[in-house]
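I am attaching a structure below and will ask some questions about it afterwards.
The values are calculated or read from the model by the stated rules, or taken from the named source; none is laboratory data. What you see is a predicted model, and the numbers here were worked out from it, not measured in a lab. Note: ideal-geometry Cβ built from the backbone for every residue, glycine included; neighbour counts use all protein chains shown. We work out accessible area using only protein heavy atoms, side chains counted, and drop any ligands, DNA or RNA first. Shrake-Rupley method; radii C 1.70, N 1.55, O 1.52, S 1.80 Å.
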Amino acid sequence: MNDVTDFAASAGLWPAPAELARARSEAARSGRKVVEVIEEQLSLPADEFVRVLADVLRFPALPMHSLRELAPAFDLLPYAEASQRACLVFRQSDGQVLAVIGDPFELELQSWLQERVGTDFAFGLAHRNDIAAYLARVEESMRAMDGLDAAEPLSLETAGGIEDLSLKTISEHSSPVVKLVASTLYDALKSGASDVHIESTGSGLAIKHRIDGVLTQAGQAQGAEMAERIISRIKVMAELDIAERRVPQDGRFKVSLKGREVDFRVSIMPSIFGEDAVLRILDKQALADEFKGLRLEALGVDPASI
């Protein structure tokens, strides 16, 4: 690798060893990554920088269009861990596994991948911003509830402040009850639902979203104990009395999704199988954005006829 680095440096494509040492010192001093400092020094376009870096390290370079052509292997590296570590694992058409990283100087990440993936793979290199953009695009198409394991042991956590909703923060919760409630809210917001209905049944809990006035089944939870804990979690978030189960209760709470606050109005009602909950979603920012584009033409009215 030193010979390749020296050759690239002599060609003017890569910092000389002394410059590389200064880049490491600058990264340690400023708290930045070495790859960020080197990219700043070379002043190359992102794709060109990745190509040069990949040539030096003898990794395949993957621009964004190449990433989009590959199939992510979330069975080998779940989305939440990929997001936390800023890396990707793909399964290629020939069955070979490719781990794509954005910082080849982060040796700890490479060691972690070798232990975590559990099968032979090759490394690839992409720009760290392309990896982040790819993960963000994948998140748009994912439902948070799809990754939940209903067999995990139950526990109940208390809420505090405005909860931040994202696939990454949901995965960091240790409680399956908290994960399920957060996933329900996340999926409801992503689907454009106006209400979330959580109904106790003889076998557990049914979760429904109201979208364009129509209730659709969104998920379920098995077992009366699970149902009770989910309702209790919602009560905690809305600052309601957990012990009171005989009379209706109303409350509210807020969550944050991609930096914007969303209000939830909560109604808890006793039912034959326990308690039901209805959560009305009040996304003021989404409504404001919708009305910005509301014109007479969108309503089917010809402005010239007025």
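Go through (1) assigned to a helix (DSSP H, G or I); (2) modelled with pLDDT under 80 for ALA188 and report which single condition fails.
Of the numbered conditions (1) assigned to a helix (DSSP H, G or I); (2) modelled with pLDDT under 80, the odd one out for ALA188 is (2).
Taking interchain pairs and intrachain pairs at least six residues apart, which have beta carbon atoms under 8 angstrom, with the first residue in segment 252-280 and touching a residue at least 40 places away in the same chain (Cβ under 8 Å) and farther than 17 Å from ALA182 by Cβ and the second among the charged types (D, E, K, R) and part of a strand (DSSP E or B)?
Matching pairs, first to second residue: SER271/GLU199; ASP276/GLU199; VAL278/ASP195; ARG280/ASP195; ARG280/ARG265.
Looking only at segment 44-70, filter to residues that are in a loop (DSSP other than H, G, I, E, B) and among the charged types (D, E, K, R); which one of those is least open to solvent (accessible area, probe 1.4 Å)?
Ranking the qualifying residues of segment 44-70, first place goes to GLU69.
So, of the residues in segment 118-134 that are assigned to a helix (DSSP H, G or I) and buried (at least 20 other Cβ atoms within 10 Å of the Cβ), which turns out to be modelled with the lowest pLDDT?
Looking at residues that are assigned to a helix (DSSP H, G or I) and buried (at least 20 other Cβ atoms within 10 Å of the Cβ), I get TYR134.
If you don't mind, there's one more thing I want to ask. List pairs: first in segment 181-192 and under 23 Å from GLN222 (Cβ atoms), second among the polar types (S, T, N, Q) and assigned to a helix (DSSP H, G or I), Cβ under 9 Å, 6+ apart or cross-chain?
Between residues of segment 181-192 that are under 23 Å from GLN222 (Cβ atoms) and residues that are among the polar types (S, T, N, Q) and assigned to a helix (DSSP H, G or I), the close pairs are ALA182/THR169.
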